[in-house]
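Chemist: The structure under discussion is supplied below as structure tokens; questions concerning it will follow.
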Amino acid sequence: NDLFAEGENIDALNTVAGQVNEALGTNKKYNFYVGLYYPNYTVTNFGDVDGDGVSENFTKLEDRFKAIEWYMNEFESRLAAAGYDNLSFGGYYWYNESVSTYDDKAMYDLVRGIADRIHARNTQFFWIPYFTAAGYSRWASFGFDVACYQPNYAFNADILEPRLAEAAAMMRK
């Protein structure tokens, strides 16, 4: 509901994009991505998203996929109904900044399965792992179309400038 609130979030972005078009004398549609939240395996009573009368239990991978698909269907339906004329939906952004099986043994299968579902919709899957995040070097194998590696230099005054060169070297690998 927040994403589609009048005058906020996507609606506000559409308004600003229209103002940019007007100022530049263009009629461009600007791409945007929306976050896809991690369906945590500890959630055992998410709610019934598929109408079968049974609440989804995220200890089951298939129920996690049901919830993700429900979210994407709901989002895309509302987006189509909103009819934003200055925006073009580019795809989904994986909100978790690491892909680790340390706690969630199904994490690799989860992310890969979500990627497959996103690609079946002809949209992109985008990720921004933090510096040395679990899985950062395997981003393509998880099905992400784009990964932007963040050096975390700007967030901590104790991190020195050489971090930027180190992060760049890791990105090149």
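Chemist: For a quick check, take a GNM of the chain with Cα springs below 10 Å and name the residue from Gly35, Gly47, Gly91 with the largest mean-square fluctuation.
Modeler: Gly47
Chemist: Rounded to the nearest 500 deg cm²/dmol, what is the calculated helix-only ellipticity per residue at 222 nm for the chain, with -39500 (n - 2.57) per DSSP H run of length n ≥ 4? Mind showing how you got there, number by number?
Modeler: Details: 4 runs with 63 residues, N = 173.
Value at 222 nm, helices only, nearest 500: -12000 deg cm²/dmol.
Chemist: OK, next. What distance in nm separates the simple spin-label points at Tyr95 and Ala120, each placed 7 Å from Cα in the Cβ direction?
Modeler: 2.3
Chemist: I would also like to ask the following. Collect residues whose amide H, placed 1.01 Å from N in the peptide plane, falls under 5 Å from the amide H of Tyr93; neighbours closer than 5 in sequence don't count.
Modeler: Val34, Gly35, Leu36, Phe126
Chemist: Can you give me the relative contact order of the chain as a percent, contacts being Cα pairs under 8 Å and 6 or more apart? Kindly include the intermediate steps, with their values, before the conclusion.
Modeler: Working: 226 pairs, mean separation 29.6, N = 173.
Taking the mean separation of contacting Cα pairs over the length of the chain, I get 17 percent.
Chemist: Now a separate question. In whole Hz and in residue order, list the ³J(HN,Hα) couplings for the stretch 60-70 that follow from phi through the Karplus curve 6.51 cos²θ - 1.76 cosθ + 1.60, θ = phi - 60°; x for Gly and Pro.
Modeler: 9, 4, 5, 6, 5, 5, 4, 5, 5, 5, 4
Chemist: How much FRET efficiency would the formula 1/(1 + (r/R0)^6) give for Ala12 and Met171, where r is the Cβ-Cβ distance and R0 is 22 Å, rounded to 0.05? Present the calculation step by step, with values, prior to reporting the outcome.
Modeler: Details: r = 32 Å, r/R0 = 1.47.
Plugging the Cβ-Cβ distance into 1/(1 + (r/R0)^6) gives 0.10.
Chemist: How long is the gain from Gln150 to Tyr30 if the chain were fully straight, where each residue apart is worth 0.36 nm and the alpha carbon distance is subtracted?
Modeler: On the way: separation 120, 0.36 × 120 = 43.20 nm, distance 2.35 nm.
Separation in residues times 0.36 nm, less the Cα-Cα distance, equals 40.9 nm.
Chemist: Per-residue counts of other Cβ atoms within 10 Å, averaged by peptide: what ranking do you get for 136-142, 159-165, 26-32, highest first? Can you show the working numbers first?
Modeler: On the way: 136-142: 16.0, 159-165: 11.0, 26-32: 12.7.
With the highest mean Cβ count within 10 Å placed first, the list reads 136-142, 26-32, 159-165.
Chemist: Could the peptides 118-126, 95-103 be put in order, highest first, of the mean number of other beta-carbon atoms found within 10 Å of their residues?
Modeler: Details: 118-126: 16.2, 95-103: 14.2.
So the peptides 118-126, 95-103, ranked by packing, come out 118-126, 95-103.
Chemist: Using 0.36 nm times the number of residues separating Leu160 and Thr44, minus their current alpha carbon distance, what extension gain do you get?
Modeler: Working: separation 116, 0.36 × 116 = 41.76 nm, distance 4.28 nm.
Stretched fully, the Leu160-Thr44 segment lengthens by 37.5 nm.
Chemist: For Ala106, what residues show an amide H to amide H distance below 5 Å, using hydrogens built from the backbone and excluding near sequence neighbours?
Modeler: Answer set, sorted by chain and number: none.
Chemist: A further question follows. Any idea what the relative contact order of the stretch 38-107 is, in percent, if you count C-alpha pairs under 8 Å spaced at least 6 apart? Please list the in-between numbers first.
Modeler: Values: 54 pairs, mean separation 17.1, N = 70.
For the stretch 38-107, the relative contact order is 24 percent.
Chemist: Separate question: Computed from these coordinates, which is mean projected area of the Cα convex hull in nm²: (i) 19.1; (ii) 12.9; (iii) 11.5?
Modeler: Read-out taken from this structure: (ii).
Here, each number is a calculation from the coordinates, and none is a lab measurement. As the structure is a computational prediction, the values presented were derived from the model and not from experiment. As a convention, Cβ positions derive from the backbone with ideal geometry for all residues, glycine included, and neighbour counts pool all protein chains shown.
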